[in-house]
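The values are calculated or read from the model by the stated rules, or taken from the named source; none is laboratory data. On a predicted model such as this, the values are computed, not experimentally measured, just so you know. Heads up, the Cβs are rebuilt from the backbone with ideal geometry, glycines too, and the neighbour counts pull from every protein chain shown. Heavy atoms of the whole protein, side chains included, go into the accessibility calculation; ligands, DNA and RNA do not. Shrake-Rupley method; radii C 1.70, N 1.55, O 1.52, S 1.80 Å.
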Amino acid sequence: MVPNIVMGSKTYGLLAYLYGPGRRDEHTDPHLVASFDGFAPDPGRDADASLKQLQSVLDMRVDQLGRARRPAKHVWHCSVRTAPDDRLLTEEEWAEVARRVVAATGIAADGDPDGCRWVAVRHAADHIHIVATTVRGNLTQARLRKDYPRAQAECRKIEKEWGLRQLNPGDGTAAKEPTNREKHKAQRLGEEGTSRQRLRDAVRQALAGARGEEEFFARLEATGVLVNRKTGPSGDTLGYSVALVGERDSAGEPVFFGGYRLAPDLTLPRIRRRLQVPLDDRTADDQSTAPAGGGRTPTGRRSPAATARLRAADAAADALDVLDGETPADAAAVTEATGEVLDALAATALPGQKQQLLAAARAFERASRSHVRAANSSARSVRSAARAVLSGGYSGNRGPDGSAAATLLSVLVLLVIAAGRWHAERGHLQQAAAARQTADHLRAAYRQAAARPMAVLQERGRALPPRVRERQEQAVRRAVPGEGAHRLLAAPEFDALAAALAEAEAAGHDPKTLLERARSWRELDSADSETAVLTWRVRHIAKLPHPAGADGARPGPVGARTAPAAPADPRRRR
């Protein structure tokens, strides 16, 4: 049961909408189910009643104040909706919901003779609208502080008492929901998301891995978003707001949203706190400091996009350790920074993957916030990885980009699952649910990125000489105890793992040692396919180039010896 509260200034306009046909003729049989005294006129079912009469009843105390004392926004509007799989509530049950919500929020407490005037309108089977005016009987203003969390808490009680679907309680960290008007406008224009959501995406992508405040604003302006910076007498920036080009109100002015209207962590003070994290100087296009191997361009240089994603995979693997064993402040920091990596991936994805990665970033923004204050120093490597991804540029699904993306996404799936578990252990139920939703989108993106290179590896694994394949099977049995080895050998993806181990062996690595290290990266029990995850980890640790043929090239000879790979970085913590 979901409540939603907004404040307004036009009682008649709201009533006209509630009793009207709706914007797409979705309103049927609008009528009252309850009111402050049980005798309010009902224009829906009483032929002698009118909207003007109902407005006059509701506005009586507001009018008594006179124009000078009349509050600018005196209309309190709360919709309450049941979940799609809930049973339909009766008229009497909806009336009780309305009475309990107005009592809980301070509109009209039980037994209060000076309570505000209110009515509950039902024009659809699954929800009601409560309309109240906020002037009390003694002509004072109703105290509605924290009305939304109170409405939520009362709805949670009703769900439990009536056997309805129990939603996760809110904790005050959620971003503000788009209004119905914003949603309808986006649908009418065929836009992917409301203006508020698109601005939120733009701000997050500009913030991902930004080194400082000026770089953040420069990135934001470069996207074409209108940026309004509020400055003080000293010239210092005190706040900011953003608007989409062409998005105007009835007066023809741009529709600006301040940071807090986008999300609690997008206010300028919160952004500045995140920007205090020192970043590594190394970027994705610095080939001299990038790890050996990985996807390479035809000229022999590695693709910057592939390099950046492999570097981000290292940072994500280290973040798994932080979530598993560090302090809550450190875990909160890497969780927050993980959102920046997802924002960077969404900003640099080509159309084939952009939809799922953008959906993942939007879902995880809820999981990136909690009341645990982040220790910013712990986010350095992950924020630096986000910066590298943006510097590396756009990435597709072919060749080195596809292999690097599959490697990174396979780790990110496990990282957001671990973040969800961390939240769940601390009772952050909304964040845990958001992390699970993020993992679903990342799995879909992984399947897109991994399809071509995994198919090539599977083919190469099936073509391995019997002696080579037997060595890899023995390596699995030596590295993985008991039933775990049998599970890997029986998996459909074992051909790909055998091919990766054989290629690493030809490059001078010990397959058993590689497998042991790959399994030490944690979270394998959360993977959809442990074998597939190990395949990408083995390739990444051994610094193997992208699978031959994954970009349409002819595969090289199986088992061909190559120069030994560079030794693993001893600074990497596992």
Among the residues of segment 100-119, the number that are surrounded by fewer than 17 Cβ atoms within 10 Å (Cβ to Cβ) and either of a type outside the set (Gly, Ala, Ser) or not in a loop (DSSP other than H, G, I, E, B) (or both) is 4
Which one of 435, 451, 444 is buried (at least 22 other Cβ atoms within 10 Å of the Cβ) and within 27 Å of residue 315 (Cα to Cα)? 435
Just a yes or no: is a residue in segment 198-217 farther than 22 Å from residue 361 by Cβ and either open to solvent by 70 Å² or more (accessible area, probe 1.4 Å) or in contact with a strand residue (DSSP E or B) (Cβ under 6 Å, 6 or more places away or on another chain) (or both)? yes
Could you please give the count of residues in segment 145-190 that are in contact with a Gly (Cβ under 6 Å, 6 or more places away or on another chain) and aromatic (Phe, Trp, Tyr)? 0
Are there any pairs, at least 6 apart or on different chains, whose C-beta atoms fall under 6 Å, with the first in segment 230-241 and free of Cβ contacts under 8 Å to residues at least 40 places away in the same chain and the second assigned to a loop (DSSP other than H, G, I, E, B) and surrounded by 10 or more Cβ atoms within 10 Å (Cβ to Cβ), and if so, which? 241/256
Answer yes if at least one residue in segment 152-160 is touching a strand residue (DSSP E or B) at 6+ places or on another chain (Cβ under 7 Å) and at pLDDT 85 or above, and no otherwise. yes
Can you find a residue that is crowded, with 24+ Cβ neighbours inside 10 Å, farther than 15 Å from residue 316 by Cα, under 19 Å from the mean Cα position of the chain (by Cα) and of a type in the set (D, E, K, R) anywhere in segment 367-376? yes
Taking first residues from segment 363-384 that are farther than 10 Å from residue 336 by Cα and of a type outside the set (A, V, I, L, M, F, W, C) and second residues anywhere that are outside any helix (DSSP H, G or I) and open to solvent by less than 10 Å² (accessible area, probe 1.4 Å), the pairs with Cβ under 6 Å that are 6 or more apart or on different chains are 380/277
Under 7 Å between Cβ atoms, at least 6 apart or on separate chains: pull out the pairs that start in segment 198-212 with a residue that is free of Cβ contacts under 8 Å to residues at least 40 places away in the same chain and end on any residue that is charged (D, E, K, R) and open to solvent by 20 Å² or more (accessible area, probe 1.4 Å). 206/219
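To keep it simple, each residue is scored yes or no on (1) within 14 Å of the chain's Cα centre (by Cα); (2) surrounded by 23 or more Cβ atoms within 10 Å (Cβ to Cβ); (3) small (Gly, Ala, Ser).
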| position | (1), (2), (3) |
| --- | --- |
| 316 | no, yes, yes |
| 319 | no, yes, yes |
| 330 | no, no, no |
| 335 | yes, yes, no |
| 338 | yes, yes, no |
| 343 | yes, yes, no |
| 351 | no, no, no |
| 364 | yes, yes, no |
Hey, could you check segment 200-243 for residues that are of a type in the set (A, V, I, L, M, F, W, C) and within 17 Å of residue 342 (Cβ to Cβ) and say which is farthest from the chain's Cα centre (by Cα)? 210
Scan segment 381-415 for residues that are of a type in the set (D, E, K, R), assigned to a helix (DSSP H, G or I) and modelled with pLDDT under 90 and jot them down. 401
Residues of segment 79-118 satisfying the condition of being in contact with a Phe, Trp or Tyr (Cβ under 7 Å, 6 or more places away or on another chain) and over 14 Å from residue 144 (Cβ atoms): 117
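Of the residues 430, 474, which single one is open to solvent by 30 Å² or more (accessible area, probe 1.4 Å), at negative phi, in contact (Cβ under 8 Å) with a residue 60 or more places away in the chain and in a helix (DSSP H, G or I)? Working first, answer last.
On the way: 474 fails: in contact (Cβ under 8 Å) with a residue 60 or more places away in the chain.
Every option except 430 fails the conditions.
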On the given criteria, is residue 358 under 12 Å from the mean Cα position of the chain (by Cα) and open to solvent by less than 10 Å² (accessible area, probe 1.4 Å)? no
Kindly evaluate residue 275 against the criterion of being within 26 Å of residue 402 (Cα to Cα) and at pLDDT 85 or above. no
Number of the exception - residue 206 against (1) in a helix (DSSP H, G or I); (2) modelled with pLDDT under 85; (3) touching a Ser or Thr at 6+ places or on another chain (Cβ under 9 Å): (2)
Would a scan of segment 159-167 turn up a residue that is buried (at least 17 other Cβ atoms within 10 Å of the Cβ) and either in contact (Cβ under 8 Å) with a residue 12 or more places away in the chain or assigned to a loop (DSSP other than H, G, I, E, B) (or both)? yes
Of residues in segment 37-64 being assigned to a helix (DSSP H, G or I) and basic (Lys, Arg), the one least open to solvent (accessible area, probe 1.4 Å): 61
Go over the candidates 143, 122, 188, 156 one by one and state the one that is in a strand (DSSP E or B) and open to solvent by 10 Å² or more (accessible area, probe 1.4 Å). 122
